[in-house]
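To start, the structure itself, in structure tokens.
The values are calculated or read from the model by the stated rules, or taken from the named source; none is laboratory data. Predicted model, so just to flag it, every value in this text is computed and none were measured. When we count neighbours, we look across all protein chains shown, and the Cβ atoms used for this are built from the backbone with ideal geometry, even at glycine.
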2 protein chains.
Amino acid sequence: MSVINHQFKLATRPVGAVKRSDFNYIQEAVRDPAEGEVVVKILYISLDPAMRGWMNENKNSYMPPVGIDEVMRAIAVGRVVASKNPNFAVGDHVNGLLGVQEYAYSNGQGLSKVDPRLAPLPVFLGTLGMPGLTAYFGLLEIGQPKAGETVVVSGAAGAVGAVVGQIAKIKGCRVVGIAGGADKCRYLVEELGFDVAIDYKSEDVTAALHKHCPKGIDVYFDNVGGDILDAVLTKLARDARIVICGAISQYNNTTPVKGPANYLALIVARASMKGVMVGDYYPRAMEALSAMGGWLASGKLKTREDVVEGLETFPDTFQKLFTGENNGKLVLKVAEA
Amino acid sequence: MSVINHQFKLATRPVGAVKRSDFNYIQEAVRDPAEGEVVVKILYISLDPAMRGWMNENKNSYMPPVGIDEVMRAIAVGRVVASKNPNFAVGDHVNGLLGVQEYAYSNGQGLSKVDPRLAPLPVFLGTLGMPGLTAYFGLLEIGQPKAGETVVVSGAAGAVGAVVGQIAKIKGCRVVGIAGGADKCRYLVEELGFDVAIDYKSEDVTAALHKHCPKGIDVYFDNVGGDILDAVLTKLARDARIVICGAISQYNNTTPVKGPANYLALIVARASMKGVMVGDYYPRAMEALSAMGGWLASGKLKTREDVVEGLETFPDTFQKLFTGENNGKLVLKVAEA
């Protein structure tokens, strides 16, 4: 093969928002697979808030940080173009931690096949991928919503939040989404069937929660942290469950994370706050994917991907997650097929 | 009756630490009980950190605030000196929310009899009272410690913390207490059998926790909040349980509560943080009291009360809870018998 692989390698640990100069954009020739390896041509790369954390020097995280001069870590889907691994044939579509690049080598570990006849490939990075599994297990296993309860989700128009809210509706809950901007809020109510959407950019979130959750908040699925988490804590129902999934409002901080000042509300409400780590549920992925596949097929679950073309746009496109410019699951399109 | 009742009534909502001028010290004649009432002569008054919260104008709490010009709310034990209630006879010893005063009227609601032959009366305000029940149910029901696990408790020499640590030892756990000062730390290890005590006034708590909890912290029982909670969050074991009981470091704040900046560790550790409200467990009080009574009798559970004489010292004595000057359960002695 004499094909060129373009790659984004981490040049330095970003301070605050990611800049193009935090990466080196490299090109190198694609080599043949070694024994046991496959070469994957990457088609779509998932851009996830968690990637921001992987860029930091943090010894206490669930994964080692991306090393300086290493290809930036990312989930992607692609097509096997060369294989010396008996489990994967040329032409197979696969999903895994393939990195921000055009071609990836893999020994097959952590690589799973996806069937492009079931859904467009970007959906396997969103609703039928890591964000969807996070939503499914985080909400159902940790949030434990019961029909008639009030479920609030932040980052509600994002890849995880939109699935959380829709599953909560399927389970018979009253669902309040918090998102930024009138367009996203309209989308949540008119397209996804949320009961209420609160626009944190133009509304007083605390006042809106008190208005729209008169019986209190039974389940809160938190993707954002910061002031919105504190607002929710003022309106917990008795025995509320808070699912801590992420804190995108805090990931670009150059100062310490803002902890929830109102956390003592956990005492008054007898409430719990628990973290969710999607990897724990990968052994049960089929259970979630079959349920969500069914809901997708029947139209009960809708999915939206924001596909941006061009590997070379990576640092700027990634930043859309933090400004909230993306509409739906943010995906980088690298190649047609 | 022509007896005088001295009372502390809330004069104004304290800002920061409680001052004597936040109260009016009143005297009035004790009247006869109305139909259905008893008159209780108060012998010992419990001084608890929660009382600081009751002085604030907080609509979201589990109890209404003490009103301006109302007798300051407090748990106390006393002796019935007059009764027009068939459930209580003159001479009965009783425990309830009787207030910071010498005599209280009660219709019997929330009043329970105690047997002074079982333990000295101040013990019914500590280990065999609300603090002991908080420790018992908070640790066992929410913390769910298993033999061999590492349990950390803050405010460890206090009325709740000392019981938490001792029950954790009885359950076969490794127990690390955090307290202020060498004397308290020595008491925890030498008298109460804690494995380790960390003196937060002279040690780096984070470093000490990392040293003394090499396998991580499985259960943390938090009475203090603030920086110590943040330190614990850096060393959680997988699936750790944090019991939020209180945050004495924050109760006198004139600025907002310091939320736990490291709360995203809940994700990495798949940990939970849950509040405990002792009142929920009052229907099961007998279960706890019989267990703790047995441990007291057999010497497995030790109890220490810091008894200060004189109702009139109330505002200054109360402040000892926040400076950490008390040694054991802080109790105000009002009368001999």
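The number of residues in region B:237-250 that are closer than 25 Å to residue B:319 by Cβ and surrounded by fewer than 23 Cβ atoms within 10 Å (Cβ to Cβ) comes to 3. Checking each residue in region A:44-69 for being away from every other protein chain (no Cβ under 14 Å) and farther than 23 Å from residue A:308 by Cβ picks out A:57, A:67, A:68, A:69. Considered as a group, the residues in region A:241-257 that are over 21 Å from residue B:143 (Cβ atoms) and at the interface with chain B (Cβ under 7 Å from one of its Cβ atoms) include one that is nearest to the chain's Cα centre (by Cα), and that residue is A:247.
Look at region A:56-80: where a residue is in the same structural domain as residue A:113 (by TED's automatic domain parsing) and a partner is of a type in the set (D, E, K, R) and not in a loop (DSSP other than H, G, I, E, B), sitting 6+ places away or on another chain with Cβ atoms under 6 Å, you get A:69/A:9; A:71/A:9; A:78/A:41; A:79/A:41. In this structure, is residue A:233 within 14 Å of chain B (Cβ to nearest Cβ) and either of a type in the set (A, V, I, L, M, F, W, C) or surrounded by fewer than 22 Cβ atoms within 10 Å (Cβ to Cβ) (or both)? Yes; evaluated as a whole, the condition is true for this residue.
The rows are residues; the columns are (1) of a type in the set (D, E, K, R); (2) more than 13 Å from the chain's Cα centre (by Cα); (3) under 23 Å from residue B:200 (Cβ atoms); (4) at pLDDT below 95.
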position	(1), (2), (3), (4)
B:112	no, yes, no, yes
B:115	yes, yes, no, yes
B:121	no, yes, no, no
B:128	no, no, no, no
B:135	no, no, yes, no
B:139	no, yes, yes, no
B:145	no, yes, yes, no
B:148	no, yes, no, no
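Of all the listed residues (A:157, A:147, A:182, A:162), the sole one being farther than 18 Å from residue A:242 by Cβ, free of Cβ contacts under 8 Å to residues at least 40 places away in the same chain and touching a Lys or Arg at 6+ places or on another chain (Cβ under 8 Å) is A:147. Take residue B:267 and tell me if it is part of a helix (DSSP H, G or I), at the interface with chain A (Cβ under 10 Å from one of its Cβ atoms) and free of Cβ contacts under 8 Å to residues at least 40 places away in the same chain. When the stated conditions are applied, residue B:267 passes them. Picking from residues in region A:8-61 that are of a type in the set (D, E, K, R), out of contact with any strand residue (DSSP E or B) (no Cβ under 6 Å at 6 or more places or on another chain) and assigned to a loop (DSSP other than H, G, I, E, B), the one that is surrounded by the most Cβ atoms within 10 Å (Cβ to Cβ) is A:48. Counting the residues of region A:270-317 that are in contact (Cβ under 8 Å) with a residue 60 or more places away in the chain, among the hydrophobic types (A, V, I, L, M, F, W, C) and either over 29 Å from residue A:7 (Cβ atoms) or in a loop (DSSP other than H, G, I, E, B) (or both) gives 9.
Here A:337, A:285, A:291 are screened, and the one residue that is out of contact with any Gly (no Cβ under 9 Å at 6 or more places or on another chain), exposed (fewer than 14 other Cβ atoms within 10 Å of the Cβ), aliphatic (A, V, I, L, M) and farther than 23 Å from residue B:242 by Cβ is A:337.
The single residue among A:147, A:135, A:197, A:159 that is within 18 Å of residue A:48 (Cβ to Cβ), touching a Gly at 6+ places or on another chain (Cβ under 7 Å), of a type outside the set (Phe, Trp, Tyr) and not assigned by TED's automatic domain parsing to the domain that holds residue A:46 turns out to be A:159.
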